[in-house]
Amino acid sequence: MKDSVLQALRQSDGFVSGQKICALLGVTRAAVWKAVQMLRSDGYLIEAQPRRGYRLAFEPDRLDRMKLAELLTTCRIGRSCEILAQVDSTNTLCRTRAREGASDGLVIAAEHQTAGRGRSGRTWHSDQCQALQFSLLLRPALPPSRAALITQIGAAAMAQALVSAGFEPQIKWPNDLLLNGKKVCGILTEMSCELDRIHWVIMGVGLNVNQTDFPPDIEGIATSLAAVSGKTHDRTALLAKFLNAFEPLFDDYLANPASPQALEICRRRSSLTGREISFTDDAGLAQKAIVLGIDSVGRLEVRLADGQLRRLLSGEVHL
Ligand code: BTN
């Protein structure tokens, strides 16, 4: 009801009478009034005038399921979507939904996470209604050995989304996006599989959008779209841009696993190629290396100080 009344208010140019909304939706005036009260308590400013009706004067920046549906050009990614005011972690809830049998393409987004998770057991800081944080459920018919590249498809899709919003992001292999050298987006990919088949992959994405300040421990290394551009950005539109970019790149990978387009984007926007990095190898030893590039299966090719060539499949690397 709330969503339908909001839609009726959005569609009217100026005031719309309560009676007209009732007729449009086939509900009572009391029901419309109740929906208006609920919208007001969600932060919408709705003017009411005798004989003229209601007018939507201000919309708060909230993730909006109806608007998302209108902006999507996808067939399945994001067509099923849950948007929550608060959750512990969208990845954790998405895992529950996966176990309950939710289908490929489900998106769960939240305005606030109380226990957002980052990679390597870190926590992911979440500002109420400022960031875009969501998880995407995928059920690809791929062997688990091909799953690592899904993170890079996510990074490539986010790069495209940010380019279409006017930014020039870099991708820090395998799953961070940078603006002006600072982290603006992180991706946490989790999977359930057997030896030869994937049950599900959950790709959790955290994008800093409208934050203007960060906690002291990350303020030197994190940034947001608003901090870079000096203006606020519509998070629902950004989510749609990401999902619209992701589906064709993902389908391309399923059709051409040997030469996915997403890898080209990751190579073109790589922040690491040609740079010296440090990483911890499988034996737990700290290593320094020069990055040569990204190979055909998405591994980072590096040359160690002693001239050896190594290919890294996943993990943290530092500049
Ligand atoms: C990282 O860079 O460490 C990855 C961060 C991933 C954060 C996102 S926010 C949405 C989703 N839910 C979580 O709990 N984590 C991911």
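The values are calculated or read from the model by the stated rules, or taken from the named source; none is laboratory data. Fair warning: this is a prediction, and the values are worked out from it, not measured in the lab. With ideal geometry, Cβ positions are generated from the backbone for all residues, glycine too; neighbour counts draw on all protein chains shown. Just so you know, the surface numbers come from the protein's heavy atoms only, side chains and all, with ligands and any DNA or RNA stripped out. Shrake-Rupley method; radii C 1.70, N 1.55, O 1.52, S 1.80 Å.
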Inset, instruction - Find how much the distance from Met1 to Val297 grows on full extension, using 0.36 nm per residue of separation minus their present alpha carbon separation; answer in nm with one decimal. - result: 101.7 nm
Inset, instruction - Please state the charge dipole magnitude for the stretch 193-301, taken about the Cα centre, from unit charges on C-beta atoms (+1 on K and R, -1 on D and E), reported in debye and rounded to the nearest 20. - result: 400
Legend entry - Tensor-based shape of the chain (alpha-carbon gyration tensor, a/c under 1.5 rounded, otherwise prolate or oblate): prolate
Inset, instruction - Can you spot the lysines whose alpha carbon is less than 26 Å from Lys67's alpha carbon? Ignore those fewer than 8 places along the same chain. - result: Lys2, Lys20, Lys34, Lys231, Lys241
Legend entry - Ordering of 205-212, 289-296 by burial proxy (mean other Cβ atoms within 10 Å per residue, highest first): 205-212, 289-296
Inset, instruction - Counting only C-alpha contacts under 8 Å and six or more residues apart, can you give the relative contact order of the chain as a whole percent? - result: 13
Inset, instruction - With label points built 7 Å along Cα→Cβ from the Cα atoms of Asp213 and Asp42, find their separation and express it in nm. - result: 3.0
Legend entry - Accessible area of the chain belonging to carbon and sulfur atoms, whole % at 1.4 Å probe: 49
Inset, instruction - Distance between Cα centroids, the stretch 183-225 to the stretch 292-319: provide it in whole Å. - result: 22
Legend entry - the stretch 164-224: relative contact order in percent, alpha carbon pairs under 8 Å with at least 6 residues between: 26
Inset, instruction - Would you mind classifying the stretch 165-303 by shape? Square roots of the alpha carbon gyration tensor eigenvalues, ordered a ≥ b ≥ c; an a/c under 1.5 is rounded, otherwise it is prolate if a/b is larger than b/c and oblate if not. - result: oblate
Inset, instruction - Per DSSP H run of at least 4 residues, take -39500 (n - 2.57); add these up for the chain, divide by its residues and hand me the 222 nm value, nearest 500 deg cm²/dmol. - result: -9500 deg cm²/dmol
Inset, instruction - Work out, step by step, the length gained on full extension between Asn256 and Ala31: first 0.36 nm times the residue separation, then minus their alpha carbon distance; give nm to one decimal. - result: 75.8 nm
Inset, instruction - Could you tell me whether the stretch 64-137 comes out rounded, prolate or oblate from its Cα gyration tensor? Rule is a ≥ b ≥ c as square roots of the eigenvalues, rounded for a/c under 1.5, then prolate if a/b exceeds b/c, otherwise oblate. - result: oblate
Inset, instruction - Please figure out what share of the DSSP beta bridges in the chain is antiparallel and state it in percent, rounded to the nearest 5. - result: 85
Legend entry - Unit charges on C-beta of K, R, D, E only; dipole of the chain, Debye: 760
Legend entry - Extension gain (nm, one decimal) between Arg52 and Glu100, 0.36 nm per residue minus Cα-Cα: 12.5 nm
Legend entry - Student exercise, the stretch 66-128 dipole from Lys, Arg, Asp, Glu Cβ charges, in Debye to nearest 20: 280
Legend entry - Farthest toward positive dipole pole in the stretch 40-115 [+1 Lys/Arg, -1 Asp/Glu at C-beta], among Leu45, Pro60, Ile77: Leu45
Inset, instruction - Find the centroid of the Cα atoms in the stretch 8-38 and in the stretch 109-170, then give the distance between the two in whole Å. - result: 37
Inset, instruction - Report the calculated FRET efficiency for Ser192 and Arg275 (r = Cβ-Cβ distance, R0 = 30 Å), to the nearest 0.05. - result: 0.30
Inset, instruction - Report the label-to-label distance for Val163 and Ser229 in nanometres (one decimal), using points 7 Å from each Cα along the Cα→Cβ vector. - result: 1.6
